[in-house]
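The structure under discussion appears below in the form of structure tokens.
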Amino acid sequence: MKAFINLFKKDMVIALRNALIWVLIGTLVLLVGFVRFLMPEDFQQNQSQYIYDKSQEQVLQKVFTQSEGGNFTIVNSQKALEASLEKNPYSIGVVFEGSIDQPQFSILHQKNISEKNQRIINASLEKLIAGLRGIERTQQYQVEFLRQQAKVIPKNLTSVPVLLTFEVLIIGFLFIAVFMFQEKNEGSIRAYQISPGGVFLYIISKVMVFIVIGLLYGLSFVLLTLGTSVNLLTLSLLIVLGVALYTLIGIIVAVFFNNISDWFFVGMGVLTLNILPAISYGLPTFAPKFITIIPSYSIMSALREVLFPTGKSIVPALNMLIIGNILAFGICYLVVKRRLMKEGQ
Amino acid sequence: MIQVKNLYHDYSGKGKHAVNDISFEINKGEIFGFLGPSGAGKSTVQNIMTGLLKLQKGEVLYQGKAINQMKNSFYNEIGVSFEHPNLYAKLTGYENLKYYAGLFSVPTLDPMELLERVGLLESANKRASAYSKGMKQRLVFARALINNPNILFLDEPTSGLDPSTANKIKEIIKEKQQDGCTIFLTTHNMFAAEELCNHVAFLNDGKIVASDSPRNLKLQYGENSVKVEYQKDGLKKKIFFLDKEEDKKEFNEIVNKEKIQTIHTQEATLEQIFIKLTGRELA
Ligand SMILES: Nc1ncnc2c1ncn2[C@@H]1O[C@H](COP(=O)(O)OP(=O)(O)OP(=O)(O)O)[C@@H](O)[C@H]1O
Ligand SMILES: [Mg+2]
């Protein structure tokens, strides 16, 4: 234990003397500023819809010129529709074709719209058509519609789980590599090799350092953007598991290289692979099956659930991370023992 | 106490041996000098003996126990000074010693006292990255002593140091020996070896060419050598071991035929013996 505390202190001192720590603090400030001030808070609220009735009977046109149609605005031509969209980039354009019995809607928009919004639009259009047909809507649909509306998260804050996952990745995977290359470069790793420190202490100390840094960073980021309303305990648990896992993976990869340039292609490849789930997060239609086994996917979805609860369980994600950590530790132990602590073949 | 038996090492795995069938024994409390020119394989042997480099073929035994079966606690007993300084660059001299000391489970020495012994007290709070080469080397040497080891491995501890600093280091080495420490000393420096070592082994091209006490080596390879300086297309120097028939013949020839400037009889130095044995200079 004494040896561990000593080693941890040493690694921490070196970490804090590294220029990277300033890069980290810099990005923290930038990201908080970005989330709080730069991203539009919620463009969905005053989202208006423009409808162009292209059908034979022009039922919509007739109905709406008689009674003003709520948040729908009827336009007379495709051109007028496009002009309206141009003016108001967050609005939605709807082109109606076919007939009341067989309606066909095309939806036009400039910005990406989420799957959720897509559903809201569908629901409102169906409601509209049903109203015209004079048929009562089923309860179910209305309930879902309302629930969806109530749960809308301001767009700027939905980025928090993604950015937090990036942070876990970068701190764990990238920084441990930089650290290890420094030790290889200055040769201090050789001094450690002939000390009684051993493999286990080496790994645990490094992981602990990055857990502490990751926690400080992650908690500050969440507190500064979402405030204190989140479950900090579960959040911390997730950050700890995430950073530990990526630090272990980072060590496993870095052991095989001597400097950043040798490491670059493989390291960046692994990093990119782990960033894929973030793309899936912003683009729900991009969700190939393999993505769910990438650990950052579990981290991200669990973080989202912790930060914006919907009642889903995060236990499967936690289990996956725990198993991942155990596996990664085993592999890490082996490669550090074989490759890092001993030279030659 | 330490036995090395039929040690081989091949870095590339292509049959080119940097260490080629080396065997020797070191007694407790002895300073064992490992001498040889650059590239002879000295550091390779030391690295295998400390377990830093994987043992490929042969045996390294400490009181009968094989190096590749040692637990981490073995490192409580030994101290290693490397030929290339390897310090935590972002830590100060003091921190380098303090944190290294914290890894041992045996009593360790006071970092400040050690720094004073090697003349680094004033620089104790400077970062190691700001140290000169010689300062780094002294810090690495001090670090090797921090756990009060029973066995010391010193790879070129005095190379590149000015004579007075080198003397300080030699004093510490002698002191350690008096405390009962067994010392494996690698060097190019024959004078340091002669002064310090109870036993020396000459290494050339991965092989031991001679191994004995400095005194026996001198007895064996002729106490009385003769150094002749003569004029033949410029000044020529040559050393002859007159005990040897062919040397004697050649010496007579030169004395008879060439224009002699000086003749000195002298006690053979280890360096001369080495050159005699290998045809190579040391440095
Ligand atoms: N890491 C390595 N990979 C491949 N070859 C190596 C390595 N280290 C040393 N060698 C080779 O092994 C041989 C012995 O090297 P070694 O460093 O043991 O010599 P040395 O006697 O310590 O030399 P010096 O006096 O210059 O320190 C040399 O031919 C060297 O090129
Ligand atoms: Mg060497």
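Only helical runs count toward this figure. For chain B, summing -39,500 (n - 2.57) over DSSP H runs of n ≥ 4 and dividing by all residues gives -9000 deg cm²/dmol at 222 nm.
Here segment B:100-200 is described by how far its Cα atoms reach on the three principal axes: 37, 32, 17 Å, from widest to narrowest.
With viscosity 1.567 mPa s and temperature 4 °C, the Kirkwood radius over alpha carbon pairs of chain B converts through Stokes-Einstein to a diffusion coefficient of 63 µm²/s.
In terms of surrounding Cβ atoms within a 10 Å radius of their Cβ, B:THR50, A:THR285 rank from fewest to most as A:THR285, B:THR50.
Couplings 3J(HN,Hα) of segment A:277-282, computed from phi: x, 5, 5, 4, 5, x Hz, in residue order, whole Hz [Karplus 6.51 cos²θ - 1.76 cosθ + 1.60, θ = phi - 60°; x for Gly and Pro]. By the rule of a C-alpha distance below 30 Å, with chain neighbours fewer than 8 residues away ignored, the lysines paired with A:LYS87 are A:LYS54, A:LYS62, A:LYS79, A:LYS111, A:LYS116, A:LYS127, A:LYS151, A:LYS155. Bridge orientation summary for the protein assembly as shown: considering DSSP beta bridges with both residues in this region, about 60 percent are antiparallel.
Taking each DSSP H run with n ≥ 4 as -39500 (n - 2.57) and averaging over every residue of chain A yields -21000 deg cm²/dmol at 222 nm. Would you work out which of A:GLY26, A:PHE37, B:TYR131 lies farthest towards the positive end of the dipole of the protein assembly as shown, given +1 charges on the beta-carbon of Lys and Arg and -1 on that of Asp and Glu, about the Cα centre? Working it through, the farthest residue towards the positive pole turns out to be A:PHE37. FRET efficiency for the B:ALA66 to B:LYS14 pair, using the beta carbon distance and R₀ = 45 Å, is estimated at 0.95. When the Cα positions of A:LEU163, B:PRO111, A:LEU233 are compared along the charge dipole of the protein assembly as shown, A:LEU233 comes out farthest toward the positive end, with charges on each C-beta of Lys, Arg, Asp and Glu. Annotation: amide H-H contacts under 5 Å for B:SER225 (H modelled 1.01 Å from N, sequence separation of 5 or more, or interchain): B:GLN266, B:ALA268. Please work out whether segment A:181-302 counts as rounded, prolate or oblate from its C-alpha gyration tensor, where a ≥ b ≥ c are the square roots of the eigenvalues and a/c under 1.5 means rounded, while otherwise a/b larger than b/c means prolate and anything else oblate? Because a/c hits 1.5 or more and a/b fails to exceed b/c, segment A:181-302 counts as oblate. Taking every DSSP beta bridge that has both ends in segment B:107-220, the antiparallel portion is near 50%. As I understand it, the dipole of chain B uses +1 on the Cβ of Lys and Arg and -1 on the Cβ of Asp and Glu, about the Cα centre. Which of B:GLY58, B:GLN177, B:ALA268 lies farthest toward its positive end? Highest projection toward the positive end goes to B:GLY58. Among beta bridges from DSSP that stay inside chain A, the antiparallel ones total about 45%.
A simple rule links phi to the HN-Hα coupling: the Karplus curve 6.51 cos²θ - 1.76 cosθ + 1.60 with θ = phi - 60°, which for segment B:182-195 gives 8, 10, 9, 10, 9, 7, 9, 7, 5, 5, 4, 5, 4, 6 Hz, with x for Gly and Pro.
Short-range pairs are left out: with C-alpha atoms under 8 Å and at least six residues apart, the relative contact order of chain A is 18 percent.
Note on B:ASN216 and B:SER105: the model spin-label points, each 7 Å out from Cα along the C-beta direction, lie 3.9 nm apart. Model label sites at B:GLU258 and A:ASP101, defined 7 Å from Cα along the beta-carbon direction, differ in position by 12.4 nm. Please say if segment B:223-266 is rounded, prolate or oblate, where rounded means a/c under 1.5 for a ≥ b ≥ c the square roots of the C-alpha gyration tensor eigenvalues, and otherwise the choice is prolate for a/b larger than b/c and oblate otherwise? Taking the square roots of the gyration eigenvalues as a ≥ b ≥ c, segment B:223-266 is oblate.
Distance between the modelled labels on B:MET112 and B:LYS244, one decimal in nanometres: 5.7 nm (7 Å Cα→Cβ projection). Positive contributions from Lys and Arg (+1) and negative ones from Asp and Glu (-1), summed over other residues with Cβ under 14 Å from the Cβ of B:LEU109, come out at -1. A simple count of charges around A:GLY198, restricted to other residues whose Cβ falls under 11 Å of its Cβ and scoring Lys, Arg +1 and Asp, Glu -1, yields +2.
Normalised by the number of residues in segment B:223-266, the average gap of Cα pairs under 8 Å and 6 or more apart makes the relative contact order 52 percent.
For the pairs A:LYS337/B:LYS133; B:LYS14/B:LYS170; B:LYS207/B:LYS259; B:LYS174/B:LYS237; B:LYS28/B:LYS170; A:LYS184/B:LYS57, flag any whose C-alpha to C-alpha distance is greater than 29 Å. Correct reply: A:LYS337/B:LYS133; B:LYS14/B:LYS170; B:LYS207/B:LYS259; B:LYS174/B:LYS237. Charge tally for A:VAL255 (other residues, Cβ to Cβ under 14 Å; Lys, Arg +1; Asp, Glu -1): +3.
Suppose we look only past 39 Å in the calculated P(r) of chain A. What percent of the Cα-Cα pairs does that tail hold?
33
Think of each Lys and Arg Cβ as +1 and each Asp and Glu Cβ as -1; about the Cα centre, that makes the dipole of the protein assembly as shown roughly 480 debye.
Angle check, please: helix A:115-133 long axis (alpha carbons) against the longest principal axis of chain A (alpha carbons), in degrees 0 to 90, nearest 10. Between the helix axis and the principal axis of chain A, the angle is about 10 degrees. Put a plus charge on the Cβ of each Lys and Arg, a minus charge on the Cβ of each Asp and Glu, and nothing anywhere else: the dipole of segment B:223-266 about its Cα centre is then about 220 debye.
Here the relative contact order of chain B, from alpha carbon pairs under 8 Å that lie six or more residues apart, stands at 22 percent.
In terms of the Cα gyration tensor, with a ≥ b ≥ c the square roots of its eigenvalues, is the protein assembly as shown rounded because a/c is under 1.5, prolate because a/b exceeds b/c, or oblate?
prolate
Among A:ASP53, B:ASP243, B:ASP179, B:ASP233, a tally of other beta-carbon atoms within 10 Å of each Cβ gives an order, fewest to most, of B:ASP233, B:ASP179, B:ASP243, A:ASP53.
A Cβ-based charge dipole, computed about the Cα centre of chain B with Lys and Arg at +1 and Asp and Glu at -1, lands at about 720 debye. Using the Cβ-Cβ distance between B:LYS174 and A:ILE279 with R0 set to 60 Å, the FRET efficiency from 1/(1 + (r/R0)^6) comes to roughly 0.35.
All of the numbers you see were taken from the coordinates with simple rules; none came from a lab. Predicted, not measured: the structure shown is a model, and the values here were computed from it. No Cβ is skipped: glycine too gets one built from the backbone with ideal geometry, and neighbour counts run over all protein chains shown.
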